[in-house]
1. Filter the range A:41-89 down to the residues that are assigned to a helix (DSSP H, G or I) and closer than 20 Å to residue B:47 by Cβ and list them by number.
2. Of all residues in the range B:22-58, which are within 18 Å of the chain's Cα centre (by Cα) and closer than 30 Å to residue A:10 by Cβ?
3. Has the range A:52-71 got at least one residue that is over 24 Å from residue B:49 (Cα atoms) and within 9 Å of chain B (Cβ to nearest Cβ)?
4. Take residue A:41 and tell me if it is at the interface with chain B (Cβ under 7 Å from one of its Cβ atoms), more than 15 Å from residue B:80 (Cα to Cα) and at pLDDT 95 or above.
5. What pairs come out if I take residues in the range B:60-81 that are facing chain A (nearest Cβ under 7 Å) and pair them with residues that are not in a helix (DSSP H, G or I) whose C-beta lies under 6 Å away, six or more apart or interchain?
6. Within the group A:15, A:3, A:76, A:61, which residue is surrounded by fewer than 16 Cβ atoms within 10 Å (Cβ to Cβ), of a type in the set (Gly, Ala, Ser), farther than 30 Å from residue B:66 by Cβ and at pLDDT 95 or above?
7. Give the residue, chosen from B:84, B:45, that is farther than 30 Å from residue A:19 by Cβ and either modelled with pLDDT under 95 or at the interface with another protein chain (Cβ under 7 Å from one of its Cβ atoms) (or both).
8. Here is a check on your reading of the model: is residue A:62 in contact (Cβ under 8 Å) with a residue 12 or more places away in the chain, more than 30 Å from residue B:14 (Cβ to Cβ) and within 26 Å of the chain's Cα centre (by Cα)?
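The values are calculated or read from the model by the stated rules, or taken from the named source; none is laboratory data. The shown structure was predicted, so the numbers you read here are calculated from the model rather than taken from an experiment. Cβ sites come from the backbone with ideal geometry, for glycine too, and all protein chains shown count toward neighbours.
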Amino acid sequence: MDAQTQVDVSKLNEADKKELSQILANETQKATIQQTVHSLSDVCWKKCITGKITSGRLDQAEETCAQNCVERWMDANLAVLKHLESLRG
Amino acid sequence: MSLFGSGSSSSPDSSKEVKDTIVKQLQSETAMNNARILISKVNEHCFAKCIPTPGSSLSTNEQTCLTNCMEKYIAFWNEVSRTHHHRMGLESKKMLL
């Protein structure tokens, strides 16, 4: 948030530069995964939470639905990739 | 300035200080971005669920529904995250075999 703190990148030595790019790669990967979780939650919420909301907790059916939804989404993802691969010959 | 407690406002001098500052900013921006997406999703889904026909003000029922919905969405998100993480672990293990 405090983007006003001025940093002088030229002060970084080689070792720290390397470490930084590693950290950046890790954070980017984490952000990509979180992005996927957001879109999965979006898709699965629509499929799993169909009734009126009467409690702030997940009931057993909703929890199972969430798990199945994620698992099948990933199955579908893999199946699409597999078929695409076969089309390439 | 240091709204999220990121310490001193003097500009960093050594290589380590520069690195630490960048990492801190990076992490706080990632967290903020994540929170922003979550909030907008909660808003979108819970508005749809709890306020089908908007009246002149929020009713008590709608308020209760929003609170429940928000908690439920976060619990749902965590469940999705847990399942996804677990499956990713299994898949990457498969790749190694």
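1. Within the range A:41-89, A:41, A:42, A:43, A:44, A:45, A:46, A:47, A:48, A:62 meet the criteria.
2. Scanning the range B:22-58 gives B:24, B:25, B:26, B:27, B:28, B:29, B:30, B:31, B:32, B:33.
3. Checking the range A:52-71: at least one residue is over 24 Å from residue B:49 (Cα atoms) and within 9 Å of chain B (Cβ to nearest Cβ).
4. Working: at the interface with chain B (Cβ under 7 Å from one of its Cβ atoms): yes; more than 15 Å from residue B:80 (Cα to Cα): no; at pLDDT 95 or above: yes.
For residue A:41, the condition - at the interface with chain B (Cβ under 7 Å from one of its Cβ atoms), more than 15 Å from residue B:80 (Cα to Cα) and at pLDDT 95 or above - is not met.
5. Listed pairs, sorted by first residue: B:65/A:53; B:68/A:53; B:68/A:55; B:68/A:56; B:69/A:53; B:71/A:56; B:72/A:56; B:75/A:58.
6. Values: A:15 fails: at pLDDT 95 or above; A:3 fails: at pLDDT 95 or above; A:61 fails: farther than 30 Å from residue B:66 by Cβ.
Being surrounded by fewer than 16 Cβ atoms within 10 Å (Cβ to Cβ), of a type in the set (Gly, Ala, Ser), farther than 30 Å from residue B:66 by Cβ and at pLDDT 95 or above holds for just one of A:15, A:3, A:76, A:61, which is A:76.
7. Exactly one of B:84, B:45 is farther than 30 Å from residue A:19 by Cβ and either modelled with pLDDT under 95 or at the interface with another protein chain (Cβ under 7 Å from one of its Cβ atoms) (or both), namely B:45.
8. yes
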